[in-house]
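The values are calculated or read from the model by the stated rules, or taken from the named source; none is laboratory data. All values reported here derive from a predicted model rather than from experimental measurement. For neighbour counting, all protein chains shown are included, and Cβ atoms are generated from backbone atoms with ideal geometry for every residue, glycine included.
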């Protein structure tokens with residue numbers, strides 16, 4: 001437990017959950033609103049996708065920097081600053097009058113989320129020691145993370161149809177206000193260490209630039225940018241190996257828990273993003289459902305994720321993360337394989353509801369354990385770096401996987417726009433997502449230990465609270 005008299009574990013969990021919810025919500029809430037955004041602001045067809053992609057680019061690219069910064073400068077401070085920046089950019093996006101203004105606002109949202117998200121997750125690992133309490137807290141974090149993504153589609157459809165597209169941005173303001181109020185009420189004050197390490201500036205530049213280039217290159221299909229990103233990331237590894245105060249201590253990756261969990265979440269995120277993307281398009285472009293109806297159709301998905309997370313929390317407490325990760329990944333793979341059988345003459349009840357239930361429960365079984373696995377055995381002073389790494393793997397996996405599967409689906413359709421051709425492309429993309437979850441299950445079996453090593457639960461003790469409270 002985080003031993004600080006000002007810290008309230010229940011309020012910390014609530015603040016972190018609300019913050020994570022709004023970050024996940026914003027990854028999907030604009031998708032259904034894109035046609036209305038294009039009409040209102042005059043986006044060129046090829047530029048419209050950057051309303052979605054630029055958020056993922058800045059969010060994923062800056063996560064390692066955000067994670068290390070919260071270790072050095074304070075979790076509460078980074079959480080507060082990140083949330084405030086996110087809210088300011090949401091307001092700017094809601095008031096945008098030109099395409100560039102909305103894209104810039106989305107980029108700013110991503111940077112704010114990159115500062116706050118690692119701080120939020122590291123607060124959980126610092127507040128709740130390893131064991132049942134942490135598993136339950138991470139279960140809540142995982143449930144709201146997945147539910148935010150699924151409910152974002154619902155909220156986007158309802159807001160666009162009944163309030164206007166600008167509210168997909170403005171809806172963030174009251175949610176962020178609640179997160180900030182909870183942070184002020186219950187999150188413990190940051191502790192100023194007796195000796196503060198310097199931020200690894202070369203590592204920060206290389207990590208942020210490399211991740212950003214990778215997302216850009218894959219999304220825009222600019223393969224020279226992908227190659228350059230790999231060169232930059234290789235340079236990052238070399239710099240970190242020689243740095244006295246690295247942005248990411250490479251020894252952290254020697255842990256089978258940390259390395260395995262990050263590979264697994266990369267694959268699972270790619271499959272999850274594909275499910276949202278292709279199923280949403282199938283309902284609108286093939287079944288002819290409207291924005292509000294499409295959003296409402298994702299409600300069973302949200303319920304399934306929460307149900308899977310509740311089951312995972314009990315399984316992980318009793319038998320360890322791998323006991324939930326393997327069946328969860330296999331169940332999600334089965335659900336996406338079922339989705340891949342969708343028909344151009346189908347309907348919601350026959351082609352969407354059943355596979356949604358199976359996929360969502362499997363996803364819930366994966367999300368809570370993978371967060372617990374990625375922070376198992378991590379020292380308190382590296383909690384932010386581990387959290388940033390996990391979030392970065394998830395963002396990069398989602399972006400890279402979705403871009404690759406969308407390209408495969410587009411090649412299958414061959415540019416045709418009739419329902420049968422589109423259905424064929426979406427089915428292929430969903431089958432690819434199923435394969436990614438099968439790979440995730442293999443990683444869980446081959447890399448992750450069966451159970452965490454026995455030993456004392458690390459906590460934040462008075463030794464970690466030396467210095468002056470800020």
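Taken together, 295, 288 contain a single residue that is at pLDDT 85 or above and either in the same structural domain as residue 436 (by TED's automatic domain parsing) or not in a helix (DSSP H, G or I) (or both), which is 288.
So for the range 164-181 (the condition being part of a helix (DSSP H, G or I), without any contact (Cβ under 8 Å) to a residue 60 or more places away in the chain and surrounded by fewer than 18 Cβ atoms within 10 Å (Cβ to Cβ)), does at least one residue qualify? Within the range 164-181, one or more residues are part of a helix (DSSP H, G or I), without any contact (Cβ under 8 Å) to a residue 60 or more places away in the chain and surrounded by fewer than 18 Cβ atoms within 10 Å (Cβ to Cβ). Here residue 325 fulfils each of the conditions (1) assigned to a helix (DSSP H, G or I); (2) in contact with a helix residue (DSSP H, G or I) (Cβ under 8 Å, 6 or more places away or on another chain); (3) over 30 Å from residue 211 (Cβ atoms) apart from (3).
Does any residue of the range 103-123 turn out to be more than 25 Å from residue 178 (Cα to Cα) and touching a residue at least 24 places away in the same chain (Cβ under 8 Å)? For the range 103-123, residues more than 25 Å from residue 178 (Cα to Cα) and touching a residue at least 24 places away in the same chain (Cβ under 8 Å): present.
The rows are residues; the columns are (1) surrounded by fewer than 23 Cβ atoms within 10 Å (Cβ to Cβ); (2) modelled with pLDDT of 90 or more; (3) over 18 Å from residue 428 (Cβ atoms).
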| position | (1), (2), (3) |
| --- | --- |
| 338 | yes, yes, no |
| 348 | yes, yes, yes |
| 351 | no, yes, no |
| 355 | yes, yes, no |
| 362 | no, yes, yes |
| 365 | no, yes, yes |
| 370 | no, yes, yes |
| 374 | no, no, yes |
| 410 | yes, no, no |
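Checking each residue in the range 298-321 for being part of a loop (DSSP other than H, G, I, E, B) and over 26 Å from residue 350 (Cα atoms) picks out 320, 321.
Going by the conditions given, is residue 423 more than 19 Å from residue 280 (Cα to Cα), touching a residue at least 40 places away in the same chain (Cβ under 8 Å), outside the structural domain of residue 229 (by TED's automatic domain parsing) and in contact with a helix residue (DSSP H, G or I) (Cβ under 6 Å, 6 or more places away or on another chain)? So residue 423 does not fit the description; no. With respect to (1) under 20 Å from the mean Cα position of the chain (by Cα); (2) assigned by TED's automatic domain parsing to the domain that holds residue 323, the lone exception for residue 218 is condition (2).
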